[in-house]
Every structure is written in structure tokens, then in C-alpha cells.
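The values are calculated or read from the model by the stated rules, or taken from the named source; none is laboratory data. Small disclaimer: the values here were computed from a predicted structure and weren't measured. When we count neighbours, we look across all protein chains shown, and the Cβ atoms used for this are built from the backbone with ideal geometry, even at glycine.
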Amino acid sequence: MKLDEAKKQVEDLRKKLEYYANKYYDEDAPEITDYEYDMMMNKLKALEKEFPELITKDSLTQKVGGHVNEGFKEITHIVPLQSLQDVFSFEELQEFDNRMKKSAEEENEELNYVVETKIDGLSVALEYKEGIFVRGATRGNGLIGEDITDNLRTINSIPKVLPEKINIIVRGEVFIGTKEFDKMNEEQEILGKSLFANARNAAARIIKTIRFKSNSIKTTKYLYI
């Protein structure tokens, strides 16, 4: 493939990905499946790898999709909240395992894996000072998120006080269970409103509502960052 043709494909992919990312992250109204989006992103990554001169700072391969919505205060993350790396074949999984084994060997460390089903929710950063929950934010674009502290305080599964008086930032996933999601869509249908596309976008749309209160929202285990 020549550079001119690659440039045209890259520009077309970026335009489409920006549109679909806006629908997914900002409007919480996805128009394509996660798989279709990931395949387009992988194609863009492959082209940028083959033609590195086409890589730009504003490419979605260089950042996380999503912006800060109006009505919320901006928060700059102390530790960037990046996306998880996807794999779509056994070969990619094997490559990951080989990298981890090599790194563990170089550091003279034992390698062990802990694997669990991925819960697709809204990534949030929870900040504790002296063990007290003081601030919560969405991932946003990975560097800047939305201050949704008051909304997060209504979620019972988020501890408001930790057992120890420590200063820490915790990353978690806000999600809606399958039964709760189905019930919400039943209510949407009765009210004549559009149905939520999936549980992740339902959770995101609800928790980013200014006046928010719901017993259906939950959080996963936390990752300390």
C-alpha cells in the first residue's frame, strides 16, 4: 500500500471512530457493537504501525475517547485512567504471556495470573483522604474527567470511610446488574422512551444525570492506583 492510499484510509477511519466514540462515551447511545468498533480501531493501529509518519497526537490510538460534559466541574486525574488492552486471538494472548514471562524472568519474580470475567461499566476514580471519600470522577478522556462526587455518594457499595486513615486514589467500575438493566428498559418502554443500548451506557447516562439517585447502581472490586 502506498502512503497516499494509507493516509486516505487513516483519515476515513479517524473520522468514523471519532463519531462512534462520541456516540458511545459522550451521548451514551452507541450505534455499532464494541466488536465492530474494536476492529476499526485495530485497522487504524495497523496502518499507523506500518506508516508511523501518519500518527498524530489527536488520533484515538493516542488517547481515550470521551469528553467532559457540560454541567460538571473538570477534574485532572493525578494518575491517567487508560483503557484496558483488548486481544482477539490466541496468538495475541500468547504474545502477552511471553512478554510477562520475560519481564518476570528479568526481575527474578514469580509470575501468577488472576483472571475474572470483565464487567463493562463506567470507569471512575475515587479519592480518599485520611480514609474518607472526598471526591469521585469519571474517566473522561483519561486525563480530565467529570466531578460526580455527589452522585457517587448515593451508591451504597462505595465505602465512604475506609478502615485505615490513608490517602489513596482507587479505580473502579460502576455498573448495572442484568436484572436491573432489563427492568430499566421495561420502564423505558412503558414510558415510550428509547431503550438503553447496553448496561454500560445505561449506567453512564444515569450516573451523569445531575439529579441522581438509584439503588440499581453498583461498583466492582477496586484497583488501587
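Criterion first (within 23 Å of Arg200 (Cβ to Cβ), out of contact with any His (no Cβ under 6 Å at 6 or more places or on another chain) and not in a strand (DSSP E or B)) does Val174 satisfy it? Before you say what the answer is, go through the steps one by one.
Numbers: within 23 Å of Arg200 (Cβ to Cβ): yes; out of contact with any His (no Cβ under 6 Å at 6 or more places or on another chain): yes; not in a strand (DSSP E or B): no.
Taking the combined requirement at face value, the residue does not satisfy it.
Quick check on my filter: what residues within segment 55-84 are part of a loop (DSSP other than H, G, I, E, B), of a type outside the set (Lys, Arg) and at pLDDT 80 or above? Working first, answer last.
Applying the first criterion (part of a loop (DSSP other than H, G, I, E, B)) to segment 55-84 yields 55-59, 63-73, 77-84.
Then drop every residue that is not of a type outside the set (Lys, Arg), which leaves 55-56, 58-59, 64-72, 77-84.
Those that are part of a loop (DSSP other than H, G, I, E, B), of a type outside the set (Lys, Arg) and at pLDDT 80 or above: Ile55, Thr56, Ser59, His77, Ile78, Val79, Pro80, Leu81.
Phe88 versus (1) free of Cβ contacts under 8 Å to residues at least 12 places away in the same chain; (2) more than 30 Å from Lys160 (Cα to Cα); (3) under 25 Å from the mean Cα position of the chain (by Cα): which is the lone unmet condition?
It is condition (1) that Phe88 fails.
Taking into account only those residues within segment 20-54 that are at pLDDT below 90 and outside any helix (DSSP H, G or I), which is nearest to the chain's Cα centre (by Cα)?
Asp28
Identify the residue in segment 1-33 that is of a type in the set (Val, Ile, Thr) and more than 23 Å from Lys57 (Cβ to Cβ) and, among all such residues, is surrounded by the most Cβ atoms within 10 Å (Cβ to Cβ).
Here the residue is Ile32.
Residue under question is Asn156, and the condition is that it be of a type outside the set (Val, Ile, Thr) and touching a helix residue (DSSP H, G or I) at 6+ places or on another chain (Cβ under 9 Å); does it hold?
Taking the combined requirement at face value, the residue does not satisfy it.
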